[in-house]
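A quick write-up on the structure given underneath.
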Amino acid sequence: MTKDINSSTSSGQDNQPFVIKTKTLIDELKAVCASYGLGNDGNEFKIISQIFLYKFLNDKFAYEVKQVKPELANTENWEKELAKMPDNEYQMLRYQMSDSTAFLLPHQLIPNLFERQNEPDFAKTVDDTLMDIAATNNDLFAVKTEDGQKIRLFDRITEFVSSKRDAFAKALFNKLTIFNFENIMGKVLTFSLLFLNT
């Protein structure tokens, strides 16, 4: 279980529900990894941090899109309405959102992938999606080594398990619906504390 870090957050009691839910999400992802033989494995941290990052980037994109297109905020299936947008208009969103927002295509959003989890080769779909997001946003998010080489944002995370990759991918995705980061966008949060104290 994760340790209690509510007293360690700089944003105070207002963020305690967020901290608790985030810790719960991390614990649930750790449990998935453990059930597929990756508990305390060297790749466990990679999987959890990368799927967690994908969740955060997805929700931040959703938040930013709804700032640009407020009518989407009142739409139950906003991602489906977003997908109906003409391509040139959709591409313009890239320049209307904040510079720190990853640009995602409709089929890369969590709700749309969630609906595809019973399709064959779902693990490959997840991995391909993460790799495409990394390539599209490479200039913004890639980390550079000392010699200037860029480290890709995501790995093919389902390949860290030796079997039942589709089931593993589905198990991870089922945990991503625990809560929504959109509600805390704009607040000062220290995610490193959450991982260092797990």
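The values are calculated or read from the model by the stated rules, or taken from the named source; none is laboratory data. Owing to the predicted nature of the structure, the values given are computational and were not obtained by experimental measurement. Because the Cβ atoms are built from the backbone with ideal geometry, glycine has one as well, and the counts that use them run over all protein chains shown. With ligands, DNA and RNA removed, areas are computed over all heavy atoms of the protein, side chains included. Shrake-Rupley method; radii C 1.70, N 1.55, O 1.52, S 1.80 Å.
Overview of results
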| item | result |
| --- | --- |
| Local net charge near ARG156, Cβ-Cβ under 15 Å (Lys/Arg +1, Asp/Glu -1) | -3 |
| Linear extension gain, ASP41 paired with ILE20, 0.36 nm per residue minus alpha-carbon span | 5.1 nm |
| In nm, spacing of pseudo-spin labels at GLN67 and SER98 (7 Å Cα→C-beta vector) | 0.5 |
| Cα pair count fraction exceeding 17 Å, expressed as % - the stretch 34-75 | 50 |
| All aspartates and glutamates inside 13 Å of LYS55 as judged from Cα atoms, apart from same-chain residues fewer than 8 positions distant | GLU182 |
| Pairs of lysine residues in the stretch 58-188 - Cα separation under 18 Å, sequence separation of 8 or more or cross-chain | 12 |
| Accessible surface, 1.4 Å probe, highest first, among residues PHE160, PHE168 | PHE160, PHE168 |
| Karplus 3J(HN,Hα) series, Hz, for the stretch 123-133 with 6.51 cos²θ - 1.76 cosθ + 1.60 (x for Gly, Pro) | 4, 5, 4, 4, 4, 4, 5, 4, 5, 5, 4 |
| Accessible area of GLU89 in the full protein assembly, 1.4 Å probe (Å², nearest 10) | 70 |
| Computed lengthening from ASP147 to THR177, 0.36 nm per intervening residue step minus Cα-Cα distance | 6.9 nm |
| Cβ-derived FRET efficiency at R0 30 Å, ARG116 paired with GLN91, nearest 0.05 | 0.80 |
| In the stretch 29-118, trypsin sites (Lys or Arg not before Pro) in a DSSP loop with at most 12 other beta-carbon atoms within 10 Å | LYS84 |
